[in-house]
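To start, the structure itself, in structure tokens.
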Amino acid sequence: MPRMLDVSDDVRAEIGDEEADRLLAGENAPGAYDCTSCRTPGNTEQERTSTVLFVGQETAVLAFAHATCVPSQVVPVSEDQLRGAVRSITGEDTAPPTAEASHAPPVPAASHFPGPAAPGPAPAPSPAPAASPVSPVAVAHAPAPSDHAPVPQQAVLGVTSGVVLVGQEACAALVVEPTAPIIRPGSVGHGDEFLQLLSEQGFAPVVDLGRPPAPNPGWSVLLAMGRLHAVLMPAPGGGRPVAWWQAHSPMPLSEGWRSAVGRSQKVLVYAAAAGTIGTQPREDQLRAALDRAAARGALVGASMPLAGT
């Protein structure tokens, strides 16, 4: 039976016309599926469905999503992320107990800001191996002996997910906070310029959490298999977006968070300087910390769609 599938030109180019036609004819497409974005059930015989092709360095995985969640597209991911997605699909993935907590714990990863090339800094110690940024130009200064200059190290970001009440709407939010001050590439100072760098990339000051931050064109949030993979930014030279922040392994998200993003199709991304928010065990405490940061003028934010939307 023919399926209600959307196969984009990019996906068709990757899988070939013959395979694409077989999918549309229903030969290789499933009937029921779990949406790769919101993780709720879907059916290719009853509703429009997007084909989403995840492409790694060596392998590729074809997944399906509600057309209302994400369009048909090709999503480049790391090979490790792709293998993690396959484990999630086959049920071999073992998520930690905090996967369905009110908000997931901070996930350290690397970020990058567009700018002049700089020597690659040594990775800073972190709870998990630091991912390699596309352009290692945002660095933190680690303590050094008094008779030596500070040692530049790769900036590591912590990301926390939570549901934030904005007006009367429960919104899916991500809170980004570095583990150490971040300086501008090539700067000789030691001040934290994280928020200034983000402001130059389109993030706006947040003074009232009762209103959602403005959209930041070209930025988006990549979800796959119901987990957080990356925050994407426009490529400096144009073309396909690149990862500004990328999880070491797909980050579990609570059911409430996924439900909120499924309703609005947007994520509120807040960012604060190192030491501003901290690790908060409950969403009400996370919200209180965000309110304090906003009152001090120490919070920036942006509203972002899901990748491809």
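Stretched out straight at 0.36 nm per residue, the stretch from Gln265 to Arg292 would grow longer than its current Cα-Cα span by 7.0 nm. Net charge in the neighbourhood of Leu299 (other residues with Cβ under 15 Å of its Cβ; Lys, Arg +1, Asp, Glu -1) is 0.
Multiplying the residue separation of Ser199 and Glu27 by 0.36 nm and removing their Cα-Cα distance gives an extension gain of 57.0 nm.
Under a model in which nothing but the beta-carbon of Lys, Arg (+1) and Asp, Glu (-1) is charged, the stretch 166-296 shows a dipole of about 260 debye around its Cα centre.
Rounded, prolate or oblate for the stretch 195-309? Axes are the square roots of the Cα gyration tensor eigenvalues, ordered a ≥ b ≥ c, and the cut-off for rounded is a/c under 1.5. Oblate. A simple count of charges around Leu165, restricted to other residues whose Cβ falls under 14 Å of its Cβ and scoring Lys, Arg +1 and Asp, Glu -1, yields -1. Grab the beta carbon distance between Glu58 and Arg211, set R0 = 35 Å, and tell me the FRET efficiency rounded to 0.05. E(calc), rounded to 0.05, equals 0.20. Each Lys and Arg adds +1 at its Cβ and each Asp and Glu adds -1 at its Cβ; summed about the Cα centre, the stretch 5-76 shows a dipole of about 320 debye.
When the Cα positions of Ala29, Ala65, Leu5 are compared along the charge dipole of the stretch 5-76, Ala65 comes out farthest toward the positive end, with charges on each C-beta of Lys, Arg, Asp and Glu. Here the label points at Ala235 and Glu14, each 7 Å from Cα along the C-beta direction, are separated by 1.4 nm in the simple model. Taking every alpha-carbon pair in the stretch 5-76 and binning the separations at 10 Å intervals from zero gives 22, 57, 21, 0 percent.
Every number here is computed from the coordinates shown, using simple stated rules; none is lab data. All of these numbers come straight from a predicted model, not from anything done at the bench. We place every Cβ from the backbone using ideal geometry, glycine too, and count neighbours over all the protein chains shown.
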